[in-house]
1. Angle, helix 270-281 long axis vs. longest principal axis of the chain, Cα atoms, 0 to 90°, nearest 10?
2. So which lysines can Lys265 reach, going by Cα to Cα under 16 Å and dropping same-chain residues fewer than 8 places off?
3. Using 0.36 nm per residue of separation minus the Cα-Cα distance, give me the extension gain between Lys250 and Asp185 in nm, one decimal.
4. Find the relative contact order for the stretch 197-325 and round it to a whole percent, using C-alpha pairs within less than 8 Å whose residues are 6+ positions apart.
5. Figure the gain on full extension for Phe267 and Val125 (residue separation times 0.36 nm, minus the Cα-Cα span) and round it to one decimal in nm.
6. Once you treat every alpha carbon in the chain as an equal point and sum by Debye, what is log10 I(q)/I(0) at q = 0.11 Å⁻¹?
7. Against the globular-protein guess of 2.2 N^0.38 Å, express the Cα radius of gyration of the stretch 168-327 as a ratio, rounded to two decimals.
8. Among 270-279, 148-157, how do they line up by average Cβ neighbours within 10 Å per residue, starting with the highest?
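FYI, it's all coordinate maths here, none of it is from the lab. Small disclaimer: the values here were computed from a predicted structure and weren't measured. Glycine gets a Cβ as well: all are built from the backbone with ideal geometry, and neighbour counts include every protein chain shown.
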Amino acid sequence: MAVITYRQALKDALAEEIERDENVFIMGEEVAQYNGAYKVTEGLWKRFGDKRLVDAPISEAGFIGLGIGASFLGLRPVIEMMFFSFVYVAWDQAVNNASSLRYMSGGKINCPIVIRGPANAGTNVGATHSHTPENLAANFPGLKVVVPATPADAKGLLKSSIRDNDPVFFMESTLLYGNEGEVPDDPDFTIPLGKAEVKLEGSDITLVAHGAMVLEALKAAKILKKEQNIDAEVVDLRSIRPLDKETILKSVKKTNKVLLVEENKPFCGVGAQISHLIQREAFDYLDSPVHRISAVDAPAFYSPPVEKIQVPSADVVVREVRHMFQIKA
């Protein structure tokens, strides 16, 4: 296996799927000649040309709508959002059309479109560029919502998303693009959508996370083991919808304590849904109430030091676990 960055893993997935299927193309602002705002598509325009990499004007509703129409004709568009927050401009196309058409057509129309790009806070770009909309997207039946945390997951899940016949929101944390990890070289390497992974085995508490929060949970687990001898199990959701409830419940039933770690805002966030699931289907296994850590309930700040404390960190996770185990700092 090669050790590559999260960004390179995404690029490899795109290149391999363009080569494998002549119906795959990429469209978005500056994805072709400029190589993408975060350089995920760097070099692909020179390699594959104008028909497979299409620069679009600033018109998110227009090019997502174009992608939806193209998918009806058998193409498989991958639409890049310069920032995922911009998808709200095209919300009607994404959630009112793409998510509904299979149902409204009685299963006669598929919409195999992937809408992907950088999401979340952490790069000091302010409130309008730092949203975490996975909870909103997951609220719409028909949309699949994927949030990879590692380079291997980024590649395997993106390839599966492109091959899927339903619309997929594929959200990449801006903080992860430079992270490195082992990734299989096999061009047919894929990871099924809707399957969580236990990133770290443990027996004392379950930490459930997705996206960049998986890495904070893993850091916290290491600290907890070293300083408190607490054995934390880390479950990476990888997909918000479909949600792998079996893996979550199996872990909770083993450890009997659970802390949900998310970058969503607390009100109606992903953790609220998972908390409901656990208390409905595994209540008798809990030794304490479900605990939850979210981002600060405020728009993202430009100020780097203020933004830094807005997003949950490993230190916050450790502090909350100590509280759950009634350990004084």
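1. 60
2. Filter leaves Lys308.
3. On the way: separation 65, 0.36 × 65 = 23.40 nm, distance 3.12 nm.
Going from the current span to full extension adds 20.3 nm.
4. Relative contact order of the stretch 197-325: 28 percent.
5. Contour length minus Cα-Cα distance gives 48.9 nm.
6. -0.68
7. 1.04
8. In decreasing order of mean packing, 270-279, 148-157 become 148-157, 270-279.
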